[in-house]
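What follows is a set of notes on a single structure, which appears directly below.
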Amino acid sequence: MSINIDYAKVAPEALAILISQENYLKQVFSQQDKLGLAELELVKLHISQVNQCAFCINMHTKAALELGVSLDKIAGLSAWRGLPYYTEAEREALSWAGQFFLPQIPSEAVERARRYFGDKALVDLTLGINAINSWNRLCKAFKPSLA
């Protein structure tokens, strides 16, 4: 039995915080050199796949396609390490996102990501990872309609 709670109606002030965060992410990723909005969508889609959030997988697949991400990249995302489709920046971003599924992030991973992205872009990417994890949990718990 699925339980649907309209979290936007129940807690609009809290949802406004998440939406404000998304607006910030959209602004900064539309201006970054190494990672743009398309790359952020790939990260969001990958995390949503790992978290098994059907609503977010559906949403971010469509968004990635609209931003010009190839079907090869989308279809191969669960095995990205073994496929040649991904840029260095995408690989670094996906690798960094994967660190958050470990019990502890190794200092070597932090230093590698820091060297590649720089402090500001790494913080922004980490905020994007945090944001999609928040959305995944809301959507998995309260099951918004896919329609």
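The values are calculated or read from the model by the stated rules, or taken from the named source; none is laboratory data. Nothing here was measured: the structure is a model prediction, and the numbers come from that model. Cβ coordinates were reconstructed from backbone atoms using ideal geometry, including for glycine residues, and neighbour counts include every protein chain displayed. Areas reflect the complete protein model, heavy atoms only, side chains present, ligands, DNA and RNA absent. Shrake-Rupley method; radii C 1.70, N 1.55, O 1.52, S 1.80 Å.
A full extension of the chain between LEU71 and THR126 corresponds to an added length of 17.3 nm, given 0.36 nm per residue minus the alpha carbon distance. If a/c stays under 1.5 just call it rounded; otherwise compare a/b with b/c (prolate if a/b is bigger, oblate if not). Do that for the stretch 23-138, with a ≥ b ≥ c from the square roots of the Cα gyration tensor eigenvalues. Since a/c stays below 1.5, the shape of the stretch 23-138 is classed as rounded. Within the shell defined by Cβ-Cβ distances under 11 Å, the residues around ARG115 carry a net charge of -2, with Lys and Arg each +1 and Asp and Glu each -1. Roughly to the nearest percent, how much of the accessible area of the stretch 1-93 is carbon and sulfur, given a 1.4 Å probe? Carbon and sulfur: 57 percent of the exposed surface of the stretch 1-93. Across every pair of non-identical alpha carbons in the stretch 4-69, the mean reciprocal distance, once inverted, gives a Kirkwood radius of 13.0 Å.
Across the stretch 50-61, rounded Karplus estimates of 3J(HN,Hα) from the backbone phi angles (6.51 cos²θ - 1.76 cosθ + 1.60, θ = phi - 60°) give 4, 7, 6, 9, 4, 4, 6, 4, 4, 5, 7, 5 Hz, Gly and Pro being marked x. Around the amide H of LEU67, modelled in the peptide plane, lies no amide H under 5 Å away from a residue 5 or more places distant or on another chain. Probing with 1.4 Å while keeping every protein chain in the model, the per residue accessible area of the stretch 1-53 equals 59 Å². Residues in the stretch 134-145 carry Karplus couplings, in order, of 4, 4, 4, 5, 4, 6, 5, 6, 10, 6, x, 5 Hz; the curve used is 6.51 cos²θ - 1.76 cosθ + 1.60 with θ = phi - 60°, and Gly or Pro positions show x. Computed over neighbours whose Cβ is under 9 Å from that of ALA131, the net charge equals 0, Lys and Arg +1, Asp and Glu -1. Taking Lys and Arg as +1 and Asp and Glu as -1, the other residues whose beta-carbon sits under 15 Å from that of LYS62 total 0.
Note: relative contact order over the chain, using C-alpha pairs below 8 Å and six or more positions apart, is 39 percent.
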